[in-house]
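Visitor: Input: one structure, supplied below.
The numbers here are math on the coordinates, done by the rules we state, and not lab data. Since this is a predicted model, take the numbers as computed values, not measurements. Neighbour counts run over all protein chains shown; Cβ positions are idealised from the backbone, glycine included.
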Amino acid sequence: MIQVPSRKKIFVFLLILSFMSIAESQNLPEKIIVGYWHNWGYTPNTVLIAEVPLEYDVINIAFATPTQPNGANMHFMPDPGIYPDVDEFINDVSYIQTNGKKVVISIGGANHPISLNNPDDVQNFVNSMSTIIDTYGFDGIDIDLEGGSLSLGAGDDDFRFPTTPKIVNMIDAISQLTDLYPDMILSAAPETAYVQGGYSTYAGIWGAYLPLLHALRDQLTYVHVQHYNTGSMYGRDGNIYNPATADFHVAMADMLLAGFNVDVWGNNIFFEPLYPEQVMIGLPASNSAAGSGYTPPDVVQIALDYLILGNTFGGQYQIHDPEGYNPFRGLMTWSINWDIANDLEFVNNHRPYLDNLINSSADQIFTASRSLANYPNPFNPDTKICFSLKDAGQVKLTVYNIKGEKVKTLVDQQMDPDFYEILWNGDDEQEKAVASGVYFYRLQTQDYCKTRKCILLK
């Protein structure tokens, strides 16, 4: 009997291909740091775009705002106190982009609610945002909707099928923009109440970002939930976690990495996980940067060690995948200005940490995570597949394509207990180069079988 792949499996494969294509066109590093830039000349300082430290990979410009409160027609102008000449701002954006950095326009913020109530609002939003992108050469859009911009209407109780007009219209508007700019960066910066808050209650602002994240999951480059200015929150395990702790950061991130049930005491609908490449953590750069939630770098990195490498620290929360989520994307901070005012504590600590995850030898990372892994990933032209054996025995390491067809057998022999690095140079059994795409490698021994994903980008 021929087995036909399920619709769910086909969808997952298409989603992997979609994300791979987006990642390739955007040319972002494997691990990134995102920071917001203040478009105002006060609190705490004035910083030119060209002066932003190169340790930041993406600069989110704060903010494009509606021309009137709860409006749909968007406006952006560089603060004349920082850039008296608009062309100087455009030149600085271009300059930092030539250094490999991305500049994204963030919409909304805490003080500028946006409401798309009808099709005319959608068109005004799309037209005005495309004008902003084209005028200033921005690389994408960051969705930072607060202050009631997204809230669930009465009877809107399933994030998969939203009925609230301003949510449905926002999804439509962002979808149109991603059609216009298929290679653009699309990020989101919701507060915890709008995402993880949907676990306990799905109403009002609680969980109100979930329809947006669900509908746009194959267009989103990454999501950095704000782990600050929040109270205690439920984790997916039903326990409550307090902000500014390693447990809190791990528990909140794992809800997106593993998925979680929405409105567990009501409809209890499962929100499917995002890919680890799409998940980041948002943090304040200093105690002064936010009302609450500042976390010292060493505590943040304890949380990241667990999330990325699977290294436990004795906390209460247990991540869904005990081996960790190695492709986890990185960190966002509010803000670059506050980081500069704090002697760059954020990037000076977290940039080396993230770079070490990328650049450390496979042996070091593998030993820490104790998992089958390949480095680099994505790769071009070759990658090392690393594993260790506890016992002697027959070992088989095989590469498959996304259709499940065997591409190449890399190992099929008796091996002794040891650590191994096997090079795959992106060829098939006939030593012909394979095409860009998603591949899977499987390690099989007498008592162990594990499959991992790798991406070849040319």
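Visitor: Take the Cα coordinates of segment 33-165, assign each an equal point scatterer, and use the Debye formula without solvent to give log10 I(q)/I(0) at q = 0.10, 0.16, 0.17, 0.22 Å⁻¹.
Guide: Scattering profile of segment 33-165, log10 relative to I(0): -0.36, -0.84, -0.92, -1.35.
Visitor: Quick check: Cα centre of segment 310-362 to Cα centre of segment 423-458, how many Å?
Guide: 28 Å
Visitor: Have a look at Asn342, Tyr194, Asn99 and report the one farthest towards the positive end of the charge dipole of the chain, computed about the Cα centre with Cβ charges (Lys/Arg +1, Asp/Glu -1).
Guide: It is Tyr194.
Visitor: Let me ask something additional. Could you tell me which of rounded, prolate or oblate describes segment 274-345, using a ≥ b ≥ c as the square roots of the eigenvalues of the alpha-carbon gyration tensor, with rounded for a/c under 1.5 and, failing that, prolate when a/b is larger than b/c and oblate otherwise?
Guide: It is prolate, given that a/c is not under 1.5 and a/b is the larger ratio.
Visitor: Antiparallel as a % of all DSSP beta bridges within the chain, to the nearest 5?
Guide: 50 percent
Visitor: Something else now. Between Rg and the Kirkwood Rh of segment 33-72, both from Cα atoms, what is the Rg to Rh ratio?
Guide: 1.07
Visitor: About its Cα centre, how strong a charge dipole does segment 369-456 have in debye, to the nearest 20, once Lys and Arg get +1 and Asp and Glu get -1 at the Cβ?
Guide: 420 debye
Visitor: Let me ask something else. Nothing charged except the Cβ atoms of Lys and Arg (+1) and of Asp and Glu (-1): what's the magnitude of the dipole of the chain about its Cα centre? Round to the nearest 20 debye.
Guide: 1240 debye
Visitor: Calculated from DSSP H runs of 4 or more alone, at -39500 (n - 2.57) each and per residue, what is the 222 nm mean residue ellipticity of the chain, nearest 500?
Guide: My calculation for the chain gives -8500 deg cm²/dmol from helical runs alone.
Visitor: How would you rank 419-429, 119-129, highest first, on the average number of other Cβ atoms within 10 Å across their residues?
Guide: By packing density, highest mean first, the sequence is 119-129, 419-429.
Visitor: Can you tell me which aspartates and glutamates have their Cα less than 15 Å from the Cα of Lys406? Leave out same-chain residues fewer than eight positions away.
Guide: Asp427, Asp428, Glu429, Glu431
Visitor: Taking the Cα centroid of segment 205-229 and of segment 235-286, what is the distance between the two, rounded to the nearest whole Å?
Guide: So the separation of the two Cα centres works out to 11 Å.
Visitor: Suppose R0 equals 45 Å; then what is the FRET efficiency for Ile422 and Thr98 from their Cβ-Cβ distance, rounded to the nearest 0.05?
Guide: Once the sixth-power term is evaluated, E becomes 0.75.
Visitor: Further question: Report Rg(Cα)/(2.2 N^0.38 Å) for the chain, keeping two decimals.
Guide: Against the compact-globule rule of thumb, the ratio is 1.00.
Visitor: On to the next question. Determine, for each peptide in 408-418, 244-254, the mean count of other beta carbons within 10 angstrom over its residues, then list the peptides with the highest first.
Guide: Sorting 408-418, 244-254 by mean packing, highest first, produces 244-254, 408-418.
Visitor: Specify whether the C-alpha gyration tensor of segment 231-364 places it in the rounded, prolate or oblate class, a ≥ b ≥ c being the square roots of the eigenvalues: rounded for a/c under 1.5, otherwise prolate if a/b is larger than b/c and oblate if not.
Guide: oblate
Visitor: Determine by what factor the alpha-carbon radius of gyration of segment 189-276 differs from 2.2 N^0.38 Å, reporting the quotient.
Guide: Expressed relative to 2.2 N^0.38 Å, the Cα Rg reads 0.97.
Visitor: Which percent of Cα-Cα pairs in segment 369-456 sits in each 5 Å bin, short to long?
Guide: 3, 14, 28, 26, 16, 10, 3, 0
Visitor: Within the set Lys390/Lys450; Lys408/Lys432; Lys102/Lys166; Lys396/Lys458, which residue pairs have Cα atoms separated by over 18 Å?
Guide: Lys102/Lys166; Lys396/Lys458
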